[in-house]
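Data first, discussion second: the structure below is written as structure tokens.
Rule-based calculations on the coordinates, nothing more; no lab input. Computed from a predicted structure; not experimentally measured. Note that we place each Cβ from the backbone using ideal geometry, even for glycine, and neighbour counts take in every protein chain shown.
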Amino acid sequence: MGAVGLQTHIWANNTRSVILLVTFPILLIGIIYGIQLILMGLGVLPGSGKALGDDMALAASWLGATIPLALVVAAVWFAIAYFGSQTMVDMLTGARKVERRTEPELYNLLENLSISRGLRTPTLRVIDNDSLNAFATGLHEGQYSITVTRGLVQSLTRDELEAVLAHELTHVINKDVRTMVIASIFAGIISVLAELVFRALLYSGGGRRREDNKNAMPLILIGIAFAVVGFVLAIVIRMMLSRTREYVADAGAVELTKNPDAMISALRKVEGRSSLKGPDELQQLFLDNQPDGVGLEGMFASHPPIQKRIDALIRFGGGRDPGPWTGEEAFGSSFSASTSVPIT
Amino acid sequence: MITWIIIGVVVLVLLFVVVGGYNKLVALDQRADQSFADIDVQLKQRQDLIPNLVETVKGYATHERGTLDAVTQARAAAAGATSVNDKVQAENMLTGALGRLFAVSEAYPDLKANTNFQQLSAELSDIENKLAAARRFFNNAVGEFNAVRRQFPTVLFAGLFGFASDKPFFDVGEGDRAAMNAAPPQVKF
């Protein structure tokens, strides 16, 4: 059943995310199989000595032993990367922690939103930077943190700022940071494996050790195909996953604030003004992150284009689009005249 | 043997579809009710402001008895309404009465200069804005519930579980709309 409103839109994207996440282990198995084929082709592993089909079946039969081994290696890798990621994020962003005293309005907005969902208020941080962006970090309760740029606080109205904070809070509620860390660790493991394969091939190319396997060439080619397809798919799927989480966070922000227009006009303001530097793992958590280059960017973008996000908000959230922002003051205020009474 | 397995699989799939569809409906139903509660909060806040407003206006606009009484009565009716439909109707009455009150207040410059009145009207217009947002969200949730309820295959069993009919939208005054259709607003010079 297709999405007919905000909630069904969220459900559809959550289902998509689960399916995408499940493909990672499958990709890993595919790559391991590819590596085994290549090793057999190179003569490192013994072949069946018969036809190509028999060799491939033999390699498949080894998976019973190699998959548990790969799982153990992946688990160790996970443990290290998982606990290291927060420290890394903290070190790289240079964000400053802010308290209620220094930023009362911003802090209250976030606190009210958190209270309405029964959450402990995440740590609020500000980066002194003119670009318009925001992101959520943290892998478990007590570690959650929401960071906004100074430019964002200055350019957005109260309602828009609330929508952005609600977007990031939805990432926290949905544990998207954890999902994306898991996805990037998987993608990391897969790309390291793929790199190993290519290095190994380069070095062994001159060796000429293919003494016994008569199917060497096809085995190596099939193995390379497995590794290449797995490598590319791992990146594409990681980015697809990131994009579905953005749609869910946009919809979740409307759920929290009940105001689709503010989310749309906030996105309009962020559009084209969001450039912020950070490592890949962090950039995919940004409010908006558009690739610099052109070409196949749609497949490798961590965020959907702003226009598509706005279209989804209009279609499922009943919002209204004021059009691109040129920098004038009264933007979007025809919908949200809440500046008349200060909220304490 | 094989026929039994097939029958078992078919029954399981059917059960899965029914349970999934039912849970979906329950979640959407709950969500619509919750978002009506958000409207309710704003309505309550508006009702609480009205006695203050009436007192303030009374001090300046002594000749507007009828308009003031209409507001007080509409407020009492709104506070007493229990079902969703009654609430919607009573609140639309109240919105209309408040509109007339603000219209007549235009004729009293002293009243318009009163800080208390200014603050109250600012607060009321803020509530109206929030109310409009909450109403849109509620109508969106209701529309989603109704659409899923009517989709195949949910429509086949929705009635069995007590979801036999669509939820009503929060309409802006059906009476008003009928009146507008009968006699469109005219501009006179």
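Find the centroid of the Cα atoms in segment A:10-58 and in segment A:224-247, then give the distance between the two in whole Å.
15
I need the calculated FRET efficiency for the pair A:LYS50 and A:LEU21, taking r as the beta carbon distance and R₀ as 56 Å, to the nearest 0.05.
0.90
How long is the gain from A:ASN108 to A:VAL236 if the chain were fully straight, where each residue apart is worth 0.36 nm and the alpha carbon distance is subtracted? Kindly include the intermediate steps, with their values, before the conclusion.
Working: separation 128, 0.36 × 128 = 46.08 nm, distance 3.83 nm.
In short, 42.2 nm is gained.
Label-point separation (nm) for A:ALA200 and B:ASP86, each offset 7 Å from Cα along Cα-to-Cβ?
So the two model labels end up 7.7 nm from each other.
Specify which residue in the list B:GLY59, B:ALA37, B:THR154 is farthest towards the positive end of the charge dipole of segment B:2-168, using unit charges on the beta carbon of Lys, Arg (+1) and Asp, Glu (-1), about the Cα centre.
Positive-most Cα among the choices belongs to B:THR154.
Just report the Cα centroid separation between segment B:111-135 and segment B:141-157, whole Å.
Answer, in whole Å: 38.
Let me know the charge dipole size of chain B about its Cα centre in debye, to the nearest 20, where only the beta-carbon of Lys, Arg (+1) and Asp, Glu (-1) is charged. Write out the running numbers ahead of the final one.
Working: 18 positive and 20 negative charges, 77 e Å.
It comes to approximately 360 debye.
At q = 0.08 Å⁻¹, what log₁₀ I(q)/I(0) does a Debye calculation on the Cα points of chain B give, no solvent, two decimals?
-0.41
Can you compute the helix-only [θ] at 222 nm over chain B? Use -39500 (n - 2.57) per DSSP H run of at least 4 residues, normalise by all residues, nearest 500 deg cm²/dmol.
Numbers: 7 runs with 152 residues, N = 189.
After summing the helix terms and dividing by the residues of chain B, the value is -28000 deg cm²/dmol.
Along the positive direction of the dipole of the protein assembly as shown (beta-carbon charges: Lys, Arg +1; Asp, Glu -1; about the Cα centre), which of B:GLN118, A:VAL181, A:TYR247 reaches farthest?
A:VAL181
Given points 7 Å out from each Cα along the Cα-Cβ axis, report the B:GLU128 to B:ILE2 separation in nanometres with one decimal.
Using points 7 Å along Cα→Cβ, the separation is 7.3 nm.
Per the Debye formula with a single identical scatterer at each Cα and no solvent contribution, what log10 I(q)/I(0) holds for the protein assembly as shown at q = 0.07 Å⁻¹?
Here the Debye-derived log intensity ratios amount to -0.56.
Count, for each residue of A:252-260, the Cβ atoms from other chains sitting within 10 Å of its Cβ, then give me the mean as a whole number. Let's see the in-between values first.
Numbers: counts 0, 0, 2, 4, 0, 2, 11, 7, 4.
Average neighbour count from other chains, rounded to a whole number: 3.
Taking the number of other C-beta atoms within 10 Å as the exposure measure, put A:HIS167, A:HIS140 in order starting with the fewest. Display every interim value, and only then the final one.
Details: A:HIS167 27, A:HIS140 10.
Ranking A:HIS167, A:HIS140 by Cβ neighbours within 10 Å, fewest first, gives A:HIS140, A:HIS167.
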